[in-house]
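Below is one structure, written out as C-alpha cells; comments come after it.
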C-alpha cells in the first residue's frame, strides 16, 4: 500500500511506492512529482545510495559539481558520500523515481514529518526549516541529509548531542505520533 505526501508550499508530491519494511530492508522506492523550478540544496548521504529514474520530463541532477540532464528511461545512481542535488529545469511538472539502498525507514519518516510540518505551517524559508529546532535536528538525522559547509561540519558533533537530547525530551515521539503513527 503506497502512501502519498503533498507539500502545500512547493506543490511537490511524494509517494512511497515500496517501504523498507516491504522490501525487507533492501531499498525504499519513492515517486516524486516536482514542479518547475523545484529543487533541493546540494547534499550527500552517509548511509544510502540514491538512484534517480525520470518517468516523465527531464530531471536535472547536479553531481560532484557537474550538471546532468536525465531523460525518461535513463538511470543514475549517486554513491554514498557524493555531493548531489536534483531539480526540475523545465516549465512543466516532472515525475521521477528514487531508489534508496539500503532501505531507509528514517527517510520515510523524514518525508512524512517534513511534509506534515509544512502543511501545519510549522516551517520557514525556502528549505522549509521547522520553527522548532529540535524537530529540525530530528529531521536531519532521519533524512541522513548532510550539507558540506564549514558551519555544518563545526556543529555536527553538537547536532548528535542535540539529537539525543531531543529524544530524551520526547520530541521524536511527538513527531512520530503526529505524522507517522496516526
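Within segment 13-39, take every residue that is surrounded by 15 or more Cβ atoms within 10 Å (Cβ to Cβ), outside any strand (DSSP E or B) and touching a residue at least 60 places away in the same chain (Cβ under 8 Å) and give me the one that is farthest from the chain's Cα centre (by Cα). The residue in question is 23. Among the residues of segment 113-155, those that are part of a helix (DSSP H, G or I), touching a helix residue (DSSP H, G or I) at 6+ places or on another chain (Cβ under 7 Å) and touching a residue at least 24 places away in the same chain (Cβ under 8 Å) comprise 113, 114, 116, 117, 134, 135, 137, 138, 139, 141, 142, 143. No other residue among 89, 79 is touching a strand residue (DSSP E or B) at 6+ places or on another chain (Cβ under 8 Å), at pLDDT 95 or above and closer than 23 Å to residue 48 by Cβ apart from 79. Given the structure, is residue 158 in a helix (DSSP H, G or I), surrounded by fewer than 19 Cβ atoms within 10 Å (Cβ to Cβ) and within 18 Å of the chain's Cα centre (by Cα)? So residue 158 does not fit the description; no.
The values are calculated or read from the model by the stated rules, or taken from the named source; none is laboratory data. The structure presented is a predicted model; accordingly, all values stated were derived computationally and were not measured. Note that each Cβ is placed from the backbone with ideal geometry, even for glycine, and that neighbours are counted across all protein chains shown.
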